[in-house]
Structures are given as structure tokens and as C-alpha cells.
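All of the numbers you see were taken from the coordinates with simple rules; none came from a lab. Since the structure is predicted, the reported quantities are computational estimates derived from the model, not experimental observations. When we count neighbours, we look across all protein chains shown, and the Cβ atoms used for this are built from the backbone with ideal geometry, even at glycine.
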Amino acid sequence: PEDIDRNRAREALEQAQEHMRQNQSKREYHLSQAAMARALTRLKLSSRYEN
């Protein structure tokens, strides 16, 4: 958890959200959903282990 880069996770979340707003195929939509879930998980874990 210490090596989770919060800035990188925030950027990944923003990028995934932007992709979700665009018209895309079902496959791309699901990939964007998965990316957003990963980014949210990283952010939650990093805040849980903050000092």
C-alpha cells in the first residue's frame, strides 16, 4: 500500500471517467468501468494506509 501513487490513481480515475462519457463500444465501456474500479480501489487503499 505504501507504493500506491495517489496522483497516478487520480489521473487514472479521471481518464476512465472521461472514456465513460464518450460514445464507445460495449467492450470499451466495460474496460473503462474496470479501469475506474481499479483506480477507486487504489485511492481507497492508499487513504486507508495513510499515516
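Which of the residues spanning region 6-30 are of a type outside the set (Lys, Arg), assigned to a helix (DSSP H, G or I) and without any contact (Cβ under 8 Å) to a residue 12 or more places away in the chain?
Answer for region 6-30, where residues must be of a type outside the set (Lys, Arg), assigned to a helix (DSSP H, G or I) and without any contact (Cβ under 8 Å) to a residue 12 or more places away in the chain: Asn7, Glu11, Glu14, Glu18, Glu28, Tyr29, His30.
For region 16-24, the criterion of being surrounded by 12 or more Cβ atoms within 10 Å (Cβ to Cβ) and among the acidic types (Asp, Glu) is satisfied by no residue at all. With respect to (1) touching a helix residue (DSSP H, G or I) at 6+ places or on another chain (Cβ under 6 Å); (2) of a type outside the set (Lys, Arg); (3) outside any helix (DSSP H, G or I), the lone exception for Asp3 is condition (1).
In region 17-38, of all residues being of a type in the set (Gly, Ala, Ser) and in contact with a helix residue (DSSP H, G or I) (Cβ under 8 Å, 6 or more places away or on another chain), the one that is farthest from Arg6 (Cα to Cα) corresponds to Ser32.
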